[in-house]
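Take a look at the structure set out below.
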Amino acid sequence: MSRRRTELVALARLDVHEVLRSRWPVAVVLLYSALAALLVFAALRESNVLGFTGTGRVLLSFAHGLLLLLPLLALSATGQTLNRAREEGALELLFGHPVSPGGYYAAVTLVRYGLLLVPLAAILLALPAITWATLGDPIPWAYLGRALAIGAALLWAFTGLGMALSAYVTSQARAAILVLLVWAGAVALVDFALIAVMLQWRLHAGTAFFLAALNPVQCARMALISGQDPELATFGPVGFFLAQRFGAGGLFALGIGWPVVAGTLALLAGRARFRRGDLV
């Protein structure tokens with residue numbers, strides 16, 4: 001094993017112990033489970049969403065609930081990581097040893113991302129099994145895989161954004177405020193602003209799509225909806241444009257590709273800042 005890999009594994013183990021001591025993985029599992037339990041209960045009632053009932057309805061509702069929850073969890077898990085370690089003196093102690101800033105940054109990123117992704121995958125796999133056992137419905141494996149891929153990409157986008165925020169903002173208090181502002185902007189405020197712009201200037205459908213797609217959450221939402229409604233009727237004229245121009249496959253690729261690219265760019269920016277900044 002190379003020295004760099006050995007360093008990465010050792011730092012990852014150190015961060016895993018730190019994270020488990022903080023108990024936030026327990027909160028993550030409880031939030032995933034509470035959302036899933038609520039939707040299983042709702043599925044026992046006679047109702048449908050976009051023509052889906054039972055297991056399909058549960059997965060559809062759970063996936064769309066994750067669009068609100070995943071960005072907040074990823075930002076909360078990473079947005080105060082580096083600045084907290086700096087303020088508590090952990091970085092000064094750590095870098096008193098032959099440890100590279102880049103290795104530490106990578107280890108923290110992978111640990112936080114993994115501890116968010118693993119319980120998500122477990123819940124997504126358990127959820128249809130539970131509804132299958134209670135309702136007897138077939139498991140929609142294609143949509144399950146689609147939702148997991150999109151959720152993993154969205155987690156990566158906001159893990160990268162949170163790590164960059166933690167590297168650039170030295171105060172934990174300011175970072176906490178920015179975490180909430182970024183989350184609110186991503187899940188709601190940006191969409192409201194776009195609607196206002198569309199109403200004011202009557203944007204072409206292609207322009208409206210481009211502006212909306214800059215937001216990883218909106219990319220993920222379009223990719224999810226296209227899995228059940230290939231015509232994208234819920235988006236109106238913009239949906240007709242997207243269905244004709246991209247189709248469900250193109251929107252799925254976009255819903256994975258752009259969040260991954262955005263998260264990677266944010267991670268690289270944060271890494272550059274962390275390596276040249278005041279580490280202690």
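The values are calculated or read from the model by the stated rules, or taken from the named source; none is laboratory data. As the structure is a computational prediction, the values presented were derived from the model and not from experiment. Positions of Cβ are generated from backbone atoms using ideal geometry, with glycine treated the same way; all protein chains shown enter the neighbour counts.
Residue-by-condition table, conditions (1) within 20 Å of residue 74 (Cα to Cα); (2) modelled with pLDDT of 75 or more:
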position: 200; (1), (2): no, no
position: 211; (1), (2): no, no
position: 220; (1), (2): yes, yes
position: 224; (1), (2): yes, yes
position: 231; (1), (2): no, no
position: 236; (1), (2): no, no
position: 254; (1), (2): no, yes
position: 269; (1), (2): yes, yes
position: 276; (1), (2): no, yes
Which pairs have Cβ atoms under 6 Å, sit 6 or more apart or on different chains, and link a residue in the range 168-191 that is more than 18 Å from residue 73 (Cα to Cα) and at pLDDT 90 or above to one that is assigned to a helix (DSSP H, G or I) and of a type outside the set (A, V, I, L, M, F, W, C)?
168/273
Of all residues in the range 81-94 being within 11 Å of residue 170 (Cα to Cα) and either of a type outside the set (S, T, N, Q) or at pLDDT below 90 (or both), the one that is nearest to the chain's Cα centre (by Cα)
82
